[in-house]
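Presented below is the structure to which this report refers.
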Amino acid sequence: MSDPASAGAPVRFESVTVRYPNADRNAVDDVSFAIPAGSFTVFLGPSGCGKSTLLRTVNRLVVPRNGTVFVDDADVAGIAPERLRRGIGYVIQAVGLFGHMTVAANVAVVPELVGWDRQRVSARVDELLALVSLDPARYRNRYPRELSGGEQQRVGVARAIAAQPPVLLMDEPFGAVDAIVRSALQDETRRIARSLKTTILFVTHDVDEALRLADRIVVLREGRLVQYDTPLAILSAPATEYVERLLDTHDVVRRLTLLRARDAMRTQTGTTSGSIDAGASLRESLNAFLQGAENLAVTDDGATIGVLAFDDIRRALHP
Amino acid sequence: MNYLFTHLPQVGIYTLQHLALVGTSLIIALVIALPLGVYAARQRRVGRPLLGVLGAIYTIPSLALLAVLVRYNGLGFWTPVIVLVAYAQFVLVRNIAQGLLGVDPAQLDAARGLGLSSAQRFWRIEVPLALPVMLGGVRVATVSMIAIATLAAYASAGGLGTFIFEGLSRQYPAETLAGSIPAAILAIAVDALFRGIERAVTV
């Protein structure tokens, strides 16, 4: 789905501080950073680190004590909350589908609020259900209680992006589903993120989920920003001991999941036993070597473009 | 039973009077109970003592309350209406508040996050989700009002209680039954009707 109307907007935090009533420390403490338009940014940290609170300042569900949040370079404090929120998708762990409405009515909530006509809403509902891999004909008229947890969250995502928001907030969206469903939902989220160009802010405490989804990761601790970088940069050069422990950066196999065969291969020919796709991770390549392959032909669209050996993997980890 | 069938036109008139008493009281009771119930749900600190007071009113024997009110307010239609309205408040306010408090917080968080205003959240999300519990309160209140409205005859306000009081004073059980049987049927019918509506709105 290519949709020019849903191009992402940049989000910027400037010295944002949040303190809850009766709390003895700031939930978010003087956090500043900028998220480029269209990127997938994951807020990572243990519970109580302020990641959800920080996320909720973007759509004004939480109001900072100090500092400013900008969406598309506009101070959110200057926008009426309802108007602001209709332009920002919101997905939560508990999903919160409206139990008295059908799937179609749930997805249609925001488009109807912003005044789309009936035909456009109806067409959009079908388009979105297809996008999240639910057959519109089968699911349109069902009620949330008739759906599995995974299906409910697919509808939750469709509802959040229905009116083509330039920013999408996802607060531990897959925390309540089982591992197999979570993995499928992560793949689909990645796929949808690529097709939408929406700026996505995603909260999780699951390191593997963060590494799998993120263009950039924000590591938080006790309300403070500890490190903000690409997954590979954080794994290669953790800023503090806390980041090292949180992401277990000594686990090099984890880093291999972020490196591609394309990046480690040598452009030469030679005898090979087996082949691997250029886009496959070095972790998959390692798997092939451990199963007995000597040299792997690296292929792109069927054509061999290079060779990968076991030593290339070691070199990729210590450039 | 014979008395009942030989006096059918009178039974019809008393039944209509009975329904007028209960219907009027129900509308007034709801107009008062809806804001009170919403307030009790929003402000728990006010809600608990409020329900305590309404619960105390609920425990006053209705005949005693009516007798006292007749002294101050005189005979007629409105004196029993006051009793019925006062008596219904406890069940109505309690169920309206309970219904609203029972709404899934995740759905409210989602509604806020999607940009529904507080009025839109109330009418489109909270009320429909709380409706089954609220209607349960309306059903219980209405059925007990049908029973209590038989006392209206004591205040010369008519209704099916007229047969009952006359039958009692004349020691004529058949006449008493001509009031109590239609009142019972009315209560059972209204109960069934509201149960049907509750089922229809339950998700």
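How would the stretch A:165-225 be classified by its alpha-carbon gyration tensor: rounded, prolate or oblate, with rounded meaning a/c under 1.5 and the a/b versus b/c comparison settling the rest? It comes out oblate by the Cα gyration axes. Shielding value for A:84-91 is 3, the average number of Cβ atoms from other chains within 10 Å of each residue's Cβ.
At each listed q (0.17 Å⁻¹), what is the log10 of I(q)/I(0) that the Debye formula gives for the stretch B:19-131 modelled as equal alpha-carbon point scatterers? Log10 I(q)/I(0), no solvent term: -0.84.
Packing around the peptides A:248-259, A:58-69, taken as the average count of other Cβ atoms within 10 Å per residue, puts them in this order, highest first: A:58-69, A:248-259. Taking only protein heavy atoms and a 1.4 Å probe, the accessible area of the protein assembly as shown is 56% carbon and sulfur. For the residues A:230, A:57, A:299, a GNM of chain A with alpha-carbon springs under 10 Å puts the largest fluctuation on A:299.
Using heavy atoms of the protein chains and a probe of 1.4 Å, the accessible area assigned to residue A:101 is about 30 Å².
In this calculation the C-beta distance from residue A:269 to residue B:122 is compared with R0 = 56 Å, giving a FRET efficiency of 0.20.
What is the distance in Å between the Cα centres of the stretch B:60-116 and the stretch B:16-34? Each part reduced to its Cα centre gives a spacing of 11 Å. For the protein assembly as shown, the per residue solvent-accessible surface stands at 46 Å², with DNA, RNA and ligands left out and a 1.4 Å probe. The alpha carbons of the stretch A:57-212 give a radius of gyration and a Dmax of 15.6, 48 Å, in that order.
Would you compute, from DSSP H runs of 4+ residues alone, the mean residue ellipticity of chain B at 222 nm, taking -39500 (n - 2.57) per run and dividing by the full residue count, rounded to the nearest 500? Result for chain B: -27000 deg cm²/dmol, rounded to the nearest 500. Shape class of the stretch A:248-319 from the alpha-carbon gyration tensor: prolate, with a/c at 1.5 or above and a/b greater than b/c.
Equivalent-ellipsoid semi-axes for chain B (Cα gyration tensor, √(5λ), whole Å, largest first): 38, 19, 12.
Ranking of B:150, A:272, B:6 by solvent-accessible surface, largest first: B:6, A:272, B:150 (1.4 Å probe, protein heavy atoms only, all chains present). Two decimals is fine: what is log10 I(q)/I(0) at q = 0.09 Å⁻¹ for the protein assembly as shown, from a Debye sum with one equal scatterer on every Cα and no solvent? Each listed q maps to, in turn, -0.79. DSSP bridge analysis restricted to the protein assembly as shown gives an antiparallel fraction near 55%, rounded to the nearest 5. Other protein chain C-beta atoms within 10 Å of residue C-beta, averaged over A:97-104: 5. Rounded to two decimals, the Cα radius of gyration of the stretch A:198-257 over 2.2 N^0.38 Å is 1.05.
Solvent-accessible area of residue A:178, all protein chains in place: 90 Å² (probe radius 1.4 Å, heavy atoms, ligands and nucleic acids excluded). When a/c reaches 1.5 or more, the comparison of a/b and b/c decides; with that in mind, is the stretch A:27-81 rounded, prolate or oblate per its Cα gyration tensor? The shape class here is oblate. For chain B, the longest principal axis of the alpha carbon atoms and the long axis of helix B:173-201 meet at an angle near 20°. Relative contact order of chain B: 29 percent, from C-alpha pairs under 8 Å at least 6 residues apart in sequence. With a simple spin-label model that places each label point 7 Å from the Cα along the Cα-to-Cβ direction, the separation between residue A:15 and residue A:127 comes to 4.3 nm. The C-alpha atoms of chain B define a longest principal axis, and helix B:62-73 lies at about 80 degrees to it.
Rolled with a 1.4 Å probe across the full set of protein chains, the surface gives residue A:311 an accessible area near 90 Å².
Take the accessible area of chain A alone and of chain B alone, subtract that of the pair, and you get about 1700 Å² summed over both chains, using a 1.4 Å probe.
For the set B:125, B:57, the ranking by accessible area, highest first and with no ligand, DNA or RNA atoms included, is B:57, B:125 under a 1.4 Å probe. FRET efficiency for the residue B:184 to residue B:108 pair, using the beta carbon distance and R₀ = 56 Å, is estimated at 0.85.
The values are calculated or read from the model by the stated rules, or taken from the named source; none is laboratory data. The shown structure was predicted, so the numbers you read here are calculated from the model rather than taken from an experiment. A quick note on method: Cβ atoms are made from the backbone with ideal geometry, for glycine too, and the neighbour counts reach across all protein chains shown. For the accessible areas, the whole protein counts, side chains as well, though only heavy atoms, and no ligand, DNA or RNA atoms are used. Shrake-Rupley method; radii C 1.70, N 1.55, O 1.52, S 1.80 Å.
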